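Please read the structure below before turning to the comments.
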Amino acid sequence: MKTRSVDLHVAGVTLRVKTDAGQDQLERLGAMVEERVHAIQRSKPAAPAQQVYLLAALTFAEEMLALSESQGARADKLRSLLELVREARDAAQPDVTAEAGHEEPGSP
């Protein structure tokens, strides 16, 4: 998709952004941010707008970090499981040369 300039309206603020995202994705992102900003405004009605936007950004960053760490842990677990499967497969495979009465090259 080609990069274009788009006006994005979120929480009463208009931002001009360059993006290659589709309109649906932009609307979903904007709605997510707006929802987060409004939730913070409800819990901290006297907070200045800049603080509300910063808190919204920090909560999104915290969620991204948690997801990243979770995915890393899952990837580590999958690698460990794959290694166990390989070890089990290797242990279950018979030594074909020994069973056939063949000697290893270089053995007496």
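The values are calculated or read from the model by the stated rules, or taken from the named source; none is laboratory data. No experiment lies behind these values; they were computed from the predicted model shown. With ideal geometry, Cβ positions are generated from the backbone for all residues, glycine too; neighbour counts draw on all protein chains shown.
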Complete set of residues in the range 1-24 that are within 22 Å of the chain's Cα centre (by Cα) and modelled with pLDDT of 90 or more: Thr19, Asp20
Residues of the range 9-42 satisfying the condition of being more than 15 Å from Thr59 (Cα to Cα) and among the β-branched types (Val, Ile, Thr): Val10, Val13, Thr14, Val17, Thr19
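Residues are listed down the side, and each one gets a yes or a no for (1) closer than 18 Å to Met64 by Cβ; (2) of a type outside the set (D, E, K, R); (3) in contact (Cβ under 8 Å) with a residue 24 or more places away in the chain:
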site: Arg16; (1), (2), (3): no, no, no
site: Gln23; (1), (2), (3): no, yes, no
site: Leu29; (1), (2), (3): yes, yes, no
site: Glu35; (1), (2), (3): yes, no, no
Selected residue [surrounded by 11 or more Cβ atoms within 10 Å (Cβ to Cβ) and either part of a helix (DSSP H, G or I) or under 28 Å from the mean Cα position of the chain (by Cα) (or both)] from Glu35, Glu83, Glu62: Glu35
Among (1) modelled with pLDDT of 90 or more; (2) closer than 29 Å to His9 by Cβ; (3) in a helix (DSSP H, G or I); (4) not aromatic (Phe, Trp, Tyr), the one test that Gln71 misses: (2)
Test result for Ala47, of a type outside the set (Val, Ile, Thr), in contact with a helix residue (DSSP H, G or I) (Cβ under 9 Å, 6 or more places away or on another chain), surrounded by 10 or more Cβ atoms within 10 Å (Cβ to Cβ) and modelled with pLDDT under 90: no
